Amino acid sequence: MFVCFQVSALFREAVKRRIILRFALGGCTNRPFYKLVVANRRRARDGPYIENLGSYDPMPNSEGERLVAVNVNGIKRWLGSGAEVTLPVAKILGLGGILPLHPMSITAAERKRRKSA
Amino acid sequence: MAALLAVARRLSPTLLHQEPTFVQAVRGRKRRTDPKAKSKVDLIRDPILIDAVETLVLNERYTWYKVIVEALRREFRAERVKQYQQHLLSLQNSAKEDTEEYSRLLAENAAENARLARARVERLVEEQKEKTEQTLLNMKSQAEKEEAERKEREEQVKVLKEESKSFITFENLDECIEEALKDDKCYNFAINRKGQIIKRTRSQ
């Protein structure tokens, strides 16, 4: 699959270091705000990270939107290097179109629809 | 099976679990070996009912999801490989360009140096010429000066020679004394700075 050993060693870097794309919580009391962050898995959730690739604001704005910002090139870069992705991030990226829609998102939507029907 | 267990649990709660009901309230986070809390002793938890159809559909969705995500990862990886290779190629090209640029600059530098050298040589030749001309002029003027001095000295000598005819020597000393005594000129007067005689001081 890969052209030479040197190149593949470079790209297994993220896997060896257990690098993860996850949300780091910020904001203040009763006002959460998440940063989409590339970090070593063993670091604290809100601690030092490698790179900031976006944000997610769970509080709806004046239009009723919960905004998500995403650095698509950065995410492609890290996914290509073997970084793992947490569930909330996977779900949000699925909704955004970078990854496919997560099965649980679809199932949750179906359940909600069944309940309301 | 799960339903049967749930019924059995309801009938005889203490029958099925052999733990002591409670010995002492546990403080802090409960461990695996700690006994159940007082409030939870008679609690019977019902298992979450699973929809079989939904589960089947969900599992299939998961398999497809994993396949697609893995495929996407490989695609991104391939993109990075391509970028890396292009980067290496660009480095090589830039190295070639750098060497060409370097040799061009060297040639330019050499040409400039040659030009400056030619200019310098010309300048030096000019300077040498000027120098020699100047030295010749100096020598000429020096010679003229010396000539003039020599002539002046000769003139002085000539004049002195003429004057020496009226000098008082041992031979004509007596004669000159006699002549001076005969002369009646009076030099007994004062003069100012301009050399004019102050008439009042002239004695008769």
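Data overview
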quantity: Net +/- balance of residues flanking residue B:106 in space, Cβ distance below 14 Å, scoring K and R +1, D and E -1; calculated: -4
quantity: Degrees, to the nearest 10: B:2-11 long Cα axis against longest axis of chain B; calculated: 70
quantity: Estimated 222 nm signal from helices in chain A, with DSSP H stretches of n ≥ 4 weighted -39500 (n - 2.57), rounded to 500; calculated: -10500 deg cm²/dmol
quantity: For residue A:105, net neighbour charge (Lys/Arg +1, Asp/Glu -1) across residues whose Cβ lies under 12 Å away; calculated: +3
quantity: Crossing angle, helix B:173-182 versus chain B [Cα axis fit, 0-90 degrees, rounded to tens]; calculated: 80
quantity: Proximal lysines relative to residue A:91, as straight alpha-carbon distance under 28 Å, when same-chain residues fewer than 8 apart are discounted; calculated: A:16, A:35, A:76, A:112, A:115, B:66
quantity: Angle in degrees between helix A:87-96 and the longest Cα principal axis of chain A, rounded to the nearest 10; calculated: 80
quantity: Chain B: relative contact order in percent, alpha carbon pairs under 8 Å with at least 6 residues between; calculated: 8
quantity: Spatially close lysines, pair count over region B:90-189: Cα under 25 Å, gap of eight or more or interchain; calculated: 11
quantity: Per-residue [θ]222 nm for chain B (sum of -39500 (n - 2.57) over DSSP H runs n ≥ 4, rounded to 500); calculated: -24500 deg cm²/dmol
quantity: Within region A:51-117, GluC sites (Glu not before Pro) in DSSP loop having at most 12 other beta-carbon neighbours inside 10 Å; calculated: A:63, A:65
quantity: Inter-chain shielding of A:73-80 (mean C-beta neighbours from other protein chains, 10 Å cut-off); calculated: 4
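Computed from the coordinates by the stated procedures, all read-outs in this text should not be read as laboratory data. Just so it is clear, the model here is predicted, and its values are computed rather than measured. Cβ atoms come from the backbone with ideal geometry, glycine included; neighbour counts cover every protein chain shown.
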